[in-house]
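All remarks here apply to the structure that follows.
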Amino acid sequence: MKLDSLLKKDGLFSAGDAEKIWLKYCGFLDLPLDDFMVIQKALLMDQIEMASNSELGRKMMQGRKPASMEEFCRTVPFTTYSDYEPYLSQKRDDAMPAKPVIWAHTSGRTGVFKWAPYTAARVGRLADDTLAAFILSAANRKGEVHLWDGVKVVLNLPPAPYITGIMAGFSAQRISYRAIPPLEEAADMEFQERIKFGFKMALQTGADFAASIAVVLAKVGESFGQLGRTAKFSWTTLHPMAMLRLLPAVIKSKLARRPMLPRDRYQYLSRPDSPLLGRGTAGCLCGDGNWLYCHAGLGQEGYVLRPLFQFLRVYSGGGMAQVPGG
């Protein structure tokens, strides 16, 4: 199976149909609780059916095949990564409920990579959820879409098999965005080299979105503030297009009597409630084996859970509860 053509392009982006794009990618924001639970229950039963025929699934469900969500929550215990580790660390395709098309791993901050399998269906959902994050990051109101074919996206992300790299690669199969730096070139660069190259390239080409780890994004913001203030920087070394793009930002920062910030330069990073980045800071929560659990809601406090990627249970410390409802 060719991974570079696994997913189909979404023609809605080239057609510019904002209403349908919003409904498809961000419609979950308006789901009533009852509809959310209908989707969750159906998803769980599909997963049980698939898992019951696999070695890993039979072990986790202790040989049972629950016939309902209630039976599943009553009889199947909570697990941790260590319960799956013997299968996942060895990337046991044969033990999985469905054959993975790719394996992803976490950042390895604990000193050990945690691996997770991604099937074709899960990769498709990952790409769709990622595009939803981009749409929400640039929207001020419901139905507003600024994500189209050809948008320029700065990728301050580790490459595959990090999950962030897989996210970037498969999203490009849904929509023809322009990656900064290009995905093919970035794959052969060290992470720090890629960040610096992307920063310089974005000054020349402009950028509509930025996908980044928070700490890297903060460093980029600091770099903007240092432009013209250190010996390492010289306006004479800049590409003419970079100089042209930076001049309005310089003027804005001078009038405000502060260092230059990314929000001074980029249109979609310009909401006054964030001093560094403004609009464009769309948070997502993720965990081992699952990229996007939920998104920051549009004009709402907290996060909105996504119903389609995984069945959700919450461990409360002394018992269990489903999300949402019992």
**OP:** Mind listing whichever residues of the stretch 163-196 are in a helix (DSSP H, G or I) and closer than 26 Å to Glu19 by Cα?
**Re:** Met167, Ala168, Gly169, Phe170, Ser171, Ala172, Gln173, Arg174
Subject >> Odd one out for Met96, checked against (1) surrounded by 19 or more Cβ atoms within 10 Å (Cβ to Cβ); (2) in contact (Cβ under 8 Å) with a residue 60 or more places away in the chain >> reply: (2)
Original post:
Out of the residues in the stretch 16-35 that are without any contact (Cβ under 8 Å) to a residue 24 or more places away in the chain and part of a loop (DSSP other than H, G, I, E, B), which is nearest to Phe309 (Cα to Cα)?
Top reply: Pro32
Original post:
Among the residues of the stretch 1-40 satisfying the criterion of being under 23 Å from Tyr118 (Cβ atoms) and hydroxyl-bearing (Ser, Thr, Tyr), which is modelled with the lowest pLDDT?
Top reply: Ser5
Original post:
Taking into account only those residues within the stretch 129-157 that are of a type in the set (Gly, Ala, Ser) and surrounded by fewer than 17 Cβ atoms within 10 Å (Cβ to Cβ), which is nearest to Gly11 (Cα to Cα)?
Top reply: Gly150
Original post:
Assuming Ala121 fulfils every condition listed in (1) under 21 Å from Asp10 (Cα atoms); (2) surrounded by 18 or more Cβ atoms within 10 Å (Cβ to Cβ) apart from one, which condition is it?
Top reply: (2)
**OP:** State all residues of the stretch 37-92 that are under 25 Å from the mean Cα position of the chain (by Cα), assigned to a loop (DSSP other than H, G, I, E, B) and either closer than 21 Å to Arg125 by Cβ or of a type in the set (Val, Ile, Thr) (or both); if no residue qualifies, say none.
**Re:** Thr79, Thr80, Lys91
Original post:
Only one of Gly63, Gly108 is under 28 Å from Leu131 (Cβ atoms), free of Cβ contacts under 8 Å to residues at least 40 places away in the same chain and of a type in the set (Gly, Ala, Ser); which?
Top reply: Gly108
**OP:** Give the residue, chosen from Ser14, Ser5, Ser54, that is out of contact with any Pro (no Cβ under 8 Å at 6 or more places or on another chain), under 30 Å from Leu88 (Cα atoms) and among the polar types (S, T, N, Q).
**Re:** Ser5
Original post:
Which of the residues belonging to the stretch 1-13 are under 22 Å from Glu184 (Cβ atoms) and assigned to a helix (DSSP H, G or I)?
Top reply: Leu3, Asp4, Ser5, Phe13
**OP:** Give the residue, chosen from Ala160, Ala98, that is more than 27 Å from Ile180 (Cβ to Cβ), in a loop (DSSP other than H, G, I, E, B) and in contact with a helix residue (DSSP H, G or I) (Cβ under 8 Å, 6 or more places away or on another chain).
**Re:** Ala98
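The values are calculated or read from the model by the stated rules, or taken from the named source; none is laboratory data. Keep in mind that what you see is a predicted model, and the values were worked out from it rather than measured. For neighbour counting, all protein chains shown are included, and Cβ atoms are generated from backbone atoms with ideal geometry for every residue, glycine included.
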